[in-house]
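Report on the following structure.
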Amino acid sequence: MSWCYRHIIRPNLFKHDAEQVHEFTLGSLGWVSRHQLMCDALEAWLAPAPLPVHLFGLQFPNPIGLAAGMDKLGVALPAWEALGFGFAEIGAVTWHPQPGNPPPRLFRAVAEQAIVNRMGFNNHGAEALASVLTHWRTQHRWPAHPIGINLGKSKTTPLDQAAADYASSFRRLHALADFFVVNVSSPNTPNLRQLQDRSALEEILLALREAQSAEARHSAPKPILIKIAPDLSFAAIDELLQLTETGGTAGIVATNTTLARPDTADPVSRRVFTEAGGLSGRPLRTRSTEVIRHIHRQTRGKLPIIGVGGIFTAADAWEKITAGASLLQIYTGLVYEGPALIKALVTGLRDRVNELGLTNLQQAVGLQASDPLAPDHVPSMSALHRPCH
């Protein structure tokens, strides 16, 4: 399946505009999601054997999750489980509907196995997402694995009103997800990354805790995670980690896309890298692992981490687990490697667990975090060092 995808399916898909292919794929998976027999067929073909992880009070059938951005509207919710994912993060969603940035806004750097996007939180708003998710529940098509929702700030909402904006989405969607991720690190909404400032983020988390308390009458508290940028210095990350000790934060998603760019000899990639937006994919792998390792060290492994960035192989996944990630997410790797990647990653992780004589994957978390050769003293961007224009 992987060979077929890389050599036959992907070349044909990549002849077309990246966003058009994304919409076509999502529409196809939405159709699959509405038909149980199709979901059953996908699951029989692609789903891996379980590699369970218990985290946040939730049971994940395996540690490989769908990263936010792939399914902003929740239109393919049942299909993600059928493809073998252990969890899925829907969104980002904002309180107000918004079209996002004008196209073109999604670009492939194929030689570097990277993507640059400046989508800008295009979505139909929290109310519309609530309707879609409610539909899947009432149709008894809700996945058995955990579902997270990525919360973003509406572009029209001033920064000083961001806390209320996040809280509005959180209240509306609280009963419809298993966990939430506060996205203050996307580079594609003007000034959004300023909300990673400790005082601004503290205000947001306080508003979410108050909303959580109000919703406690109707449903159990939901874990709240923070998604951070890879471009933060370690000193800035440490400030945020201090906030997690008092802010009721369940974990960190590390990392979002980067504003940095790698050097490349490929002329097409050089042109793509001049586009504004966040870069994801293979060039982000090392930096995201550095951030994961730093967080694990600084918190002594007490703060759970979802690792994301440049995961294309089981070796990439193992690198992030042993650096300190308890769960993983993929997006760009799925685009380049195809749906067989999920099973390959889970199988590869299980093989490594067995080789070491471990009884579960949790025992591997952070095994290499104390490696003295692993960089931690400087906010290295490794191959990523040239800022985008």
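Could you please find all residues in the range 200-218 being assigned to a loop (DSSP other than H, G, I, E, B) and either among the charged types (D, E, K, R) or touching a residue at least 24 places away in the same chain (Cβ under 8 Å) (or both)?
Within the range 200-218, Arg217, His218 qualify.
Of all helices (runs of 4 or more DSSP H) completely enclosed by the range 241-356, which ones contain at least 3 residues that are among the basic types (Lys, Arg) and in contact with an Asp or Glu (Cβ under 9 Å, 6 or more places away or on another chain)?
So the answer is 285-298.
For the range 179-186, state whether one or more residues are at pLDDT below 95 and either surrounded by fewer than 21 Cβ atoms within 10 Å (Cβ to Cβ) or hydrophobic (A, V, I, L, M, F, W, C) (or both).
yes
Residue-by-condition table, conditions (1) aliphatic (A, V, I, L, M); (2) modelled with pLDDT of 95 or more:
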site	(1), (2)
Pro221	no, no
Lys227	no, yes
Arg297	no, yes
Leu303	yes, yes
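List the number of the failed condition for Phe234; all other conditions in (1) of a type in the set (Phe, Trp, Tyr); (2) crowded, with 22+ Cβ neighbours inside 10 Å; (3) out of contact with any Lys or Arg (no Cβ under 9 Å at 6 or more places or on another chain) hold.
(2)
Quick one: in the range 185-199, of everything that is touching an Asp or Glu at 6+ places or on another chain (Cβ under 9 Å) and part of a loop (DSSP other than H, G, I, E, B), which residue is farthest from Thr94 (Cα to Cα)?
Filtering the range 185-199 for residues that are touching an Asp or Glu at 6+ places or on another chain (Cβ under 9 Å) and part of a loop (DSSP other than H, G, I, E, B), the one farthest from Thr94 (Cα to Cα) comes out as Asp197.
What are the residues in the range 5-14 that are surrounded by fewer than 16 Cβ atoms within 10 Å (Cβ to Cβ) and in contact with a helix residue (DSSP H, G or I) (Cβ under 9 Å, 6 or more places away or on another chain), if any?
Answer for the range 5-14, where residues must be surrounded by fewer than 16 Cβ atoms within 10 Å (Cβ to Cβ) and in contact with a helix residue (DSSP H, G or I) (Cβ under 9 Å, 6 or more places away or on another chain): Arg6, Phe14.
Select from the range 134-152 the residues that are touching a strand residue (DSSP E or B) at 6+ places or on another chain (Cβ under 8 Å) and not in a strand (DSSP E or B) and list them in ascending order.
Pro143, His145, Pro146, Gly152
Quickly run through the range 223-258 and pick out the residues that are charged (D, E, K, R) and in contact (Cβ under 8 Å) with a residue 24 or more places away in the chain.
Matches in the range 223-258: Lys227, Asp231, Asp238, Glu239.
Being surrounded by fewer than 19 Cβ atoms within 10 Å (Cβ to Cβ), of a type in the set (S, T, N, Q), closer than 26 Å to Ala276 by Cα and modelled with pLDDT under 95 narrows it down to one of Ser380, Ser370, so name that one.
It is Ser380.
With the condition being more than 22 Å from Gly333 (Cβ to Cβ), I'd like the strands (runs of 3 or more DSSP E) fully within the range 47-114 carrying at least 2 qualifying residues.
Output list reads 58-60.
If you scan the range 295-311, which residues turn out to be over 15 Å from Leu55 (Cα atoms) and either touching a residue at least 12 places away in the same chain (Cβ under 8 Å) or polar (S, T, N, Q) (or both)?
Passing the criteria: Ile295, His296, Arg297, Gln298, Thr299, Val308, Gly309, Gly310, Ile311.
Test each condition in (1) more than 19 Å from Leu225 (Cβ to Cβ); (2) surrounded by 24 or more Cβ atoms within 10 Å (Cβ to Cβ) for Val93 and report the one that comes out false.
Only one criterion in (1) more than 19 Å from Leu225 (Cβ to Cβ); (2) surrounded by 24 or more Cβ atoms within 10 Å (Cβ to Cβ) is unmet by Val93, namely (1).
Those residues that are assigned to a strand (DSSP E or B) and of a type in the set (Phe, Trp, Tyr), I need them from the range 158-181; list them, please.
Within the range 158-181, Phe179, Phe180 meet the criteria.
The values are calculated or read from the model by the stated rules, or taken from the named source; none is laboratory data. Because the structure is predicted, anything quoted here is derived from the model rather than measured. Reconstructed Cβ throughout: ideal geometry from the backbone, glycine too, with neighbour counts over all protein chains shown.
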